[in-house]
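K.L.:
Below you'll find the structure I mean.
The values are calculated or read from the model by the stated rules, or taken from the named source; none is laboratory data. Just so you know, these numbers come straight off a predicted model, no measurement behind them. Heads up, the Cβs are rebuilt from the backbone with ideal geometry, glycines too, and the neighbour counts pull from every protein chain shown. These area figures cover heavy atoms from the full protein model, side chains too; ligands, DNA and RNA do not enter into them. Shrake-Rupley method; radii C 1.70, N 1.55, O 1.52, S 1.80 Å.
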Amino acid sequence: MADIEFGRNENGAPTMINGDPRFRPFASQLVSDIQTYAPDCLQLLQCIDDVVSGRSDYEEYEGNSAVVRCTPTAVTVESLGPMPSGATYSHDEARMVILRYFDFLAPSAGPCSVYVPTGPIRGGRVA
């Protein structure tokens, strides 16, 4: 799968700084519509997952510059600008781009681990 990298331009605004140019329409949608509000990445991922899982036949995420349409077969990004343009991606490609942007906006400090308590159950809780 192709690589993509986000960074900040000379004004400090998010931008796609490196990667496959085929992902530029999606990157433009993210930096223009989601901007720096990382929770919207999760909402966009939820749209894709609802369609892929079969909970929904179609989901749409519309911003100021583009609309993302999620169908069972693909994810399409269509510009809402004066010169309409668009691009289509697989679900995995779309997730990858969104997750890279999410990680750029809210980077993890390091590997995460979860403590799962074990032991005998007493009163509905692990003792």
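K.L.:
Condition check: surrounded by fewer than 18 Cβ atoms within 10 Å (Cβ to Cβ), at pLDDT 95 or above, out of contact with any helix residue (DSSP H, G or I) (no Cβ under 7 Å at 6 or more places or on another chain) and part of a loop (DSSP other than H, G, I, E, B). Does THR73 satisfy that?
P.N.:
Yes; evaluated as a whole, the condition is true for this residue.
K.L.:
Return yes or no: is GLU60 in contact with a Gly (Cβ under 6 Å, 6 or more places away or on another chain), surrounded by fewer than 20 Cβ atoms within 10 Å (Cβ to Cβ) and either farther than 24 Å from GLY7 by Cα or not hydrophobic (A, V, I, L, M, F, W, C) (or both)? Step through it out loud before you land on a result.
P.N.:
Values: in contact with a Gly (Cβ under 6 Å, 6 or more places away or on another chain): no; surrounded by fewer than 20 Cβ atoms within 10 Å (Cβ to Cβ): yes; either farther than 24 Å from GLY7 by Cα or not hydrophobic (A, V, I, L, M, F, W, C) (or both): yes.
Answer is no for this residue.
K.L.:
Starting from the range 84-108, take each residue that is under 12 Å from LEU42 (Cβ atoms) and list its partners that are open to solvent by less than 70 Å² (accessible area, probe 1.4 Å) and not in a helix (DSSP H, G or I), counting only C-beta distances under 7 angstrom and pairs at least six apart or across chains.
P.N.:
TYR101/PHE6; PHE102/ALA38; LEU105/ALA38; ALA106/ALA38
K.L.:
Also, I was wondering about something else. Would you point out which residue out of VAL51, VAL67 is in a helix (DSSP H, G or I) and surrounded by 15 or more Cβ atoms within 10 Å (Cβ to Cβ)?
P.N.:
Working: VAL67 fails: in a helix (DSSP H, G or I).
The unique qualifying residue is VAL51.
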